[in-house]
Each structure stands twice: as C-alpha cells, then as structure tokens.
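Remarks on the structure that follows.
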Amino acid sequence: MELVPTEITKCKYLFLDRDGVINVRIIGGYVTCKEEFAFIDGVLDAMSILAKHFDYIFLITNQQGIGKGLMTEDALAEIHKYMIDEIESHGGKMTKIYYCPYLASEHHPDRKPDIGMGLKAKHDFPEIDFKESVMVGDGITDIVFGKRLEMNTVYIGSDEDDSGADYCCSNLKEFADLFNH
C-alpha cells in the first residue's frame with residue numbers, strides 16, 4: 001500500500017502510539033523506567049519535521065504494565081518527561097499524553113481499540129476534527145482506534161496487508177519524510 005501524501009497534508013492533528021512507534025518495543029515486556037526507554041532510530045528527527053506540519057501532536061498509549069503492578073504512574077510520568085525533554089530538545093513537540101493503565105481483561109473504554117482516550121483529547125481540545133487527524137501506530141488496535149474516530153490511519157511496520165490501515169510506512173521517519181517533499 002503506497003502512502004499518498006496529498007491525502008494527509010491537510011490534516012492538523014497527529015495521534016501517535018508510543019511503543020514500537022516512538023521507542024523500541026520490549027517484546028514480551030514493558031518499558032518500566034526511563035533507563036529502558038530507547039528511541040527508535042530517526043524518531044527525534046521525525047518529531048522535529050512533524051512539529052512543523054501538525055498543530056497538535058498527541059500520544060495515545062495503552063500502559064497495562066501499571067495495571068499489572070510492574071510500574072507506577074510516577075515511573076510512567078518520569079519516562080514521559082524524559083521522552084518529551086528529548087523530543088523538545090530536538091525541535092519537536094508533544095501537545096499532551098493520554099495513557100490507559102488498565103488491563104486488557106478489564107475492557108476499560110479508554111483502552112485502545114476503544115476510543116476513550118481520543119474522546120478525552122477532543123474534550124480537552126474541542127477544535128480537534130478527527131477527519132483532519134492522523135493516527136500512527138504499529139498495532140491493529142491503533143488502526144481500529146483511528147478508524148472508529150474516522151481518522152486517517154498509518155501503520156508502522158512491514159506486514160501492511162494485515163493492518164487495515166489507510167497507509168503504511170516502515171517507521172516514523174519515513175512517514176515524516178513525506179512532509180519534506
């Protein structure tokens with residue numbers, strides 16, 4: 001599936017998943033402290049590019065490691081402070097972070113693919129128009145979340161045929177580079 005930049009250049013609002021998009025996903029585990037948080041190559045450059053093209057950039061992330069007792073909300077806040085400081089020091093921005101600490105088994109309405117975190121963003125920023133938004137994620141739940149809110153969706157990964165996304169890129173830098181042409 002080829003990404004057609006003209007379809008997304010009019011979008012003003014960017015929603016990003018975290019693990020696997022911003023930072024290296026720990027397979028079978030969780031990033032539980034800032035020392036375990038590693039940016040994916042090119043992400044800091046990508047965030048600088050994207051900051052110039054989107055009015056708002058939101059992080060929308062499931063963090064059930066909290067619900068499992070593997071980390072605290074304070075530890076998550078420390079991870080996110082580190083992440084934001086690095087992004088901003090490289091010319092990027094993060095408007096607001098929304099996270100869901102609940103277990104998948106709890107079926108909480110904030111947990112992706114449910115749309116609770118998106119609705120909270122809309123409540124906090126009423127000017128958001130989901131049809132002028134892009135959701136970028138590396139999981140089917142991210143794509144379903146975006147589709148349920150009628151966003152444009154971009155899948156980060158190599159198995160795009162299975163994602164159901166509108167567009168596909170191998171990583172966030174490849175997505176951001178579409179705005180540099």
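The values are calculated or read from the model by the stated rules, or taken from the named source; none is laboratory data. Small disclaimer: the values here were computed from a predicted structure and weren't measured. Cβ: placed from backbone, ideal geometry, glycine included. Neighbour counts: every protein chain shown.
Would you check if G29 is at positive phi and without any contact (Cβ under 8 Å) to a residue 60 or more places away in the chain? Considered against the rule, which asks whether it is at positive phi and without any contact (Cβ under 8 Å) to a residue 60 or more places away in the chain, G29 comes out as no.
Of the residues making up the range 138-145, not a single one is at pLDDT 95 or above, touching a His at 6+ places or on another chain (Cβ under 9 Å) and farther than 19 Å from F39 by Cα.
Number of residues in the range 37-47 that are surrounded by 15 or more Cβ atoms within 10 Å (Cβ to Cβ) and without any contact (Cβ under 8 Å) to a residue 60 or more places away in the chain: the value is 3. Tallying residues that are closer than 16 Å to C100 by Cα and buried (at least 22 other Cβ atoms within 10 Å of the Cβ) within the range 122-145 yields 3. Scoring L59 on the criteria (1) closer than 16 Å to G137 by Cα; (2) free of Cβ contacts under 8 Å to residues at least 40 places away in the same chain; (3) in contact with a Leu (Cβ under 7 Å, 6 or more places away or on another chain) leaves a single failure, condition (2).
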